[in-house]
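The values are calculated or read from the model by the stated rules, or taken from the named source; none is laboratory data. Just so you know, these numbers come straight off a predicted model, no measurement behind them. Here the Cβ is made from the backbone with ideal geometry for all residues, glycine too, and neighbour counts use every protein chain on show.
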Amino acid sequence: MALLEVHDLEVYYGVIRALKGISFEVNEGEIVTLIGANGAGKTTTMQSTVGLIPKRSGKVIFDGKDITKLPCQKIVHLGMTQVPEGRRIFGELTVYENLLMGAYSVKKKSANFKEDLNKIYELFPRLLERKNQVAGTLSGGEQQMLAMGRALMSHPKLLMLDEPSMGLSPLLVDQVFDIIKQINKDGTTILLVEQNAGKSLAISDRAYVLENGEIVLSGTGKELSESEMVKKAYLGG
Ligand SMILES: Nc1ncnc2c1ncn2[C@@H]1O[C@H](COP(=O)(O)OP(=O)(O)OP(=O)(O)O)[C@@H](O)[C@H]1O
Ligand SMILES: [Mg+2]
């Protein structure tokens, strides 16, 4: 069953047509990736889907509801949470306080706050070690983990991640992709946006290729990683 359906989405920045009518879907339980080069429109797709950037036209259905015209706050309440590009954690707050904010972003602190917190610490042991550290002093990889942990505290049905591997060392990139797989296995549907096509296609059920604001190719992760076009343009082959 489709958890997210995006139909003919068009977004403009002034006179620039950044998204030229794109359509895609994410089924419950899937990991779906949008791959594309710099400026292809990946972040625009994510942010307009979650209601942070206005849509010129098109339709977005989430969990059976038409959310095309809903503001971001309402969409988050329905269970769609994004981890933006560049993470944007609260640098002055501690790791623990950041996770608390994630729980508050949806409702009053959940009755299961402690349990939720323990799950996050289990998934990211590093965050437990550093729970009282001011978040702005965490390393890049630790900040990525915190941003993901904070998003998970809101119990999203759909977790959207904008370039989670950006700027991380190869070892950490592998760790982040492993954790994404684990989060999905634990029951969260995932929409991933990535320039790292190799790793993301390897963990994706399905994927779409975005070029200049248009979807030019789609298929299973395996199909796309074997496609000549994808190999040539995105896998350095
Ligand atoms: N606020 C803005 N005002 C004007 N143009 C914008 C704005 N934000 C993005 N754009 C333009 O829209 C296009 C798509 O940008 P977007 O950020 O969605 O790309 P992206 O695929 O996420 O790229 P990257 O991989 O570099 O993050 C680009 O040409 C960009 O310059
Ligand atoms: Mg981007």
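Summary table
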| item | result |
| --- | --- |
| Filtered residue count, the stretch 76-106, keeping only those that are within 16 Å of Leu127 (Cα to Cα), assigned to a helix (DSSP H, G or I) and among the β-branched types (Val, Ile, Thr) | 1 |
| Matching entry among Leu93, Leu138, Leu100 (being outside the structural domain of Met46 (by TED's automatic domain parsing), closer than 21 Å to Val173 by Cβ and not charged (D, E, K, R)) | Leu138 |
| Of all residues making up the stretch 1-41, the number that are among the charged types (D, E, K, R) and buried (at least 23 other Cβ atoms within 10 Å of the Cβ) | 0 |
| Filtered residue count, the stretch 49-75, keeping only those that are loosely packed, with under 15 Cβ neighbours inside 10 Å and in a loop (DSSP other than H, G, I, E, B) | 5 |
| Any chance Ile31 is in contact (Cβ under 8 Å) with a residue 60 or more places away in the chain, out of contact with any strand residue (DSSP E or B) (no Cβ under 7 Å at 6 or more places or on another chain) and under 29 Å from Leu117 (Cβ atoms) | no |
| Subset of the stretch 181-200 (residues that are touching a strand residue (DSSP E or B) at 6+ places or on another chain (Cβ under 6 Å), more than 21 Å from Pro170 (Cβ to Cβ) and either assigned to a helix (DSSP H, G or I) or within 16 Å of ligand 2 (Cβ to nearest atom) (or both)) | Asn184, Leu191 |
